[in-house]
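Reading through the C-alpha cells given below for one structure.
The numbers here are math on the coordinates, done by the rules we state, and not lab data. Computed from a predicted structure; not experimentally measured. Here the Cβ is made from the backbone with ideal geometry for all residues, glycine too, and neighbour counts use every protein chain on show.
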Amino acid sequence: MGNYHASGAHLGLHGGARPNPGGPPGTEDLGFVTEFLALRLFRRDPRIRYHGRIHETVEPSFEALGLAPKALPAVIHHLGKADGDLDRAKQDRYFRIAQEEAAAHPGAFRAQFNLMQEAAMLERWAICAEATRACLRLEPDPPLRLRLSGARALGAIGATEEALALLDLPSGPEALPALQTVQGELLAAVGRSDEAVAAFLSAIEREPSFTLPFLRLSALLRDQGELAEAHAVLEAGLDQNPGDLLLWEALVGLGAATQDLPAAARDAWNALGRFPAGGRGLWHQIVAQSLLRQGAATEARLVLERGLAAFPGHAELLRLRNGSA
C-alpha cells in the first residue's frame, strides 16, 4: 500500500518516505511515498471480520483461523495523506476513539499502538509516552514506527536516555536514516548540537531522498544563528529533491523570517515555478511586494492575479492588488 506525499519528510511504518516510482493520475505533484504491506483482498467469509474502530485490520481473524496470506503483486494507492488539511481534520476524532479503545483494552497491543500513533500526530507527548511504555510491556520487539514516535514522546517528557535506548535497538539498514534523524532531534533538544549535526549528516548521506534530516539540520543551524549555512542545507536538499514542498516552504520561510526580502522573493519565485498553487498565497505576496519595491507595478499585478486565481479572496493579495492599481 502506498501513501502519497508532497514531501519526503514523512515517516511511515517502515522508515522514511521514498521517491514516488510513478502513481496514478493526480499524483504528479506528490513526489514521495511511504509504503507498507496491508491485508485488504480476501474471499468473503463470515469468520473474517475487521477489528478495532480506527485503523481496522483483519489480521487477527487470519491468525485465529491459521490462515497465511500471500503477497499480491499489486499496489493500493492511498491519497488520504496528500491533503494535509483533510488529514488533520480527522485527527481529533481518531485520537478520541483511540483513547476509548486503549482504556477498554489495556492489554491489547494494537489498541495501545493506535493511541501512540494518534497522540504523536497531535503532539500529545505525555499520552504518547504512556502508550509507548504500555506497548513495550506487551511487545518486547517493537516495530519501527513505535520506536520513532515513542522516542520523540519520551524525549519530549525529558526521558532522553530512555528515548535514545529505544532508538538503539538492532535494525536493518533501510531503517537507519529515520532512526538517525529522530536521534538527531533528541540530541539537539538537549544541547548536544555536534552529535545532532553528525546524526543528521549521516542520515542524509545514507538516504538523500528522505528530506526530514535536511529540514532538521537547517532548523538547528538557524537557531544557532548560522543563517547562510541553514540556507545552504535547504538548497542542497532541493538539489537532490526539487519537488519537495516542505523544503521549498522552509527555504522561503527562512528568508522571510530574517527579513531578507530579495532572497525570500527569489526563493518564492523559484518555488512557484515548481508549485504554482503553493505557499497558500504567501509566496505570491512576497514576490509581489519585492516587485512593488522595485517599481515594477505591472509585473507585481500579474503575480497577484495569479495568486488570487489560486487563492480567491486572499485578503493580503487583494490589499496589494488594490493598492497597486
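Which distance in nm do the two modelled labels at residue 223 and residue 260 give, with both placed 7 Å along the Cα-to-Cβ direction?
Output for this residue pair reads 2.0 nm.
Output wanted: per-residue J couplings in Hz (rounded whole) for region 129-134, from phi through Karplus 6.51 cos²θ - 1.76 cosθ + 1.60, θ = phi - 60°, x for Gly and Pro.
Listing the rounded values in order: 5, 4, 5, 4, 5, 5 Hz.
Would you mind checking the tilt of helix 245-257 against the longest principal axis of the Cα atoms of the chain, expressed as 0 to 90 degrees and rounded to 10?
In the chain, helix 245-257 runs at an angle near 50 degrees to the longest axis.
Convex hull over the Cα atoms of the chain, averaged projected area in nm²?
19.0
If amide H atoms are built 1.01 Å from N in the plane of the peptide, which residues on other chains or at least 5 residues away come under 5 Å of the amide H of residue 57?
Result for residue 57 returns 51.
Measure off 7 Å from each Cα along the Cα-to-Cβ vector at residue 62 and residue 270, then give the distance between these two points in nanometres to one decimal.
In this crude spin-label approximation the distance works out to 4.6 nm.
Apply the a/c threshold of 1.5 to the C-alpha gyration tensor of region 18-145 and tell me whether it is rounded, prolate or oblate.
Because a/c hits 1.5 or more and a/b fails to exceed b/c, region 18-145 counts as oblate.
Taking the Cα centre of region 187-280 as origin, sum charge times position over the Cβ atoms of Lys and Arg (+1) and Asp and Glu (-1), and report the length of that vector in debye to the nearest 20.
The dipole of region 187-280 has a size of about 280 debye.
Sort the following peptides by mean Cβ neighbour count (other Cβ atoms within 10 Å, averaged over residues), highest first: 239-245, 278-284, 73-79.
278-284, 239-245, 73-79
With unit charges on the beta carbons (Lys and Arg positive, Asp and Glu negative) and the dipole taken about the Cα centre of the chain, which residue among 278, 108, 65 sits farthest to the positive side?
Result: 65, furthest along the dipole toward the positive end.
Quick one: angle between helix 297-310 and the longest Cα principal axis of the chain, in degrees between 0 and 90, rounded to 10, please.
Long axis of 297-310 versus the principal axis of the chain: about 20 degrees.
Answer with one residue from 50, 2, 36: the one whose Cα lies farthest towards the positive end of the charge dipole of region 1-63, charges on Cβ with Lys, Arg +1 and Asp, Glu -1.
With unit charges placed on the Cβ atoms, the residue in question is 50.
What is the spin-label model distance, in nm, from residue 40 to residue 105 if the labels are put 7 Å beyond Cα along the C-beta direction?
Taking the two extended label points, one gets 2.1 nm.
Percent of Cα-Cα pairs more than 20 Å apart in region 259-325, please.
16
Cα extents of region 180-325 along the three principal axes, largest first, in whole Å?
For region 180-325, the Cα extents along the three principal axes come out at 53, 26, 22 Å.
In degrees between 0 and 90, to the nearest 10, how far off the longest principal axis of the chain does helix 144-156 point, with axes built from Cα atoms?
70
For the chain, what is the charge dipole size about the Cα centre, in debye to the nearest 20, if Lys and Arg each add +1 at the Cβ and Asp and Glu each add -1 at the Cβ?
1080
Mind putting a number on the dipole of region 259-325 about its Cα centre? Charges go on the C-beta only, +1 for Lys and Arg and -1 for Asp and Glu, and I need it in Debye to the nearest 20.
Dipole about the Cα centre, nearest 20: 80 debye.
I need the peptides 253-260, 8-15 ranked by packing, meaning the mean over residues of other C-beta atoms within 10 angstrom, with the highest value on top. Write out the running numbers ahead of the final one.
Values: 253-260: 15.9, 8-15: 21.6.
In descending order of packing, they fall as 8-15, 253-260.
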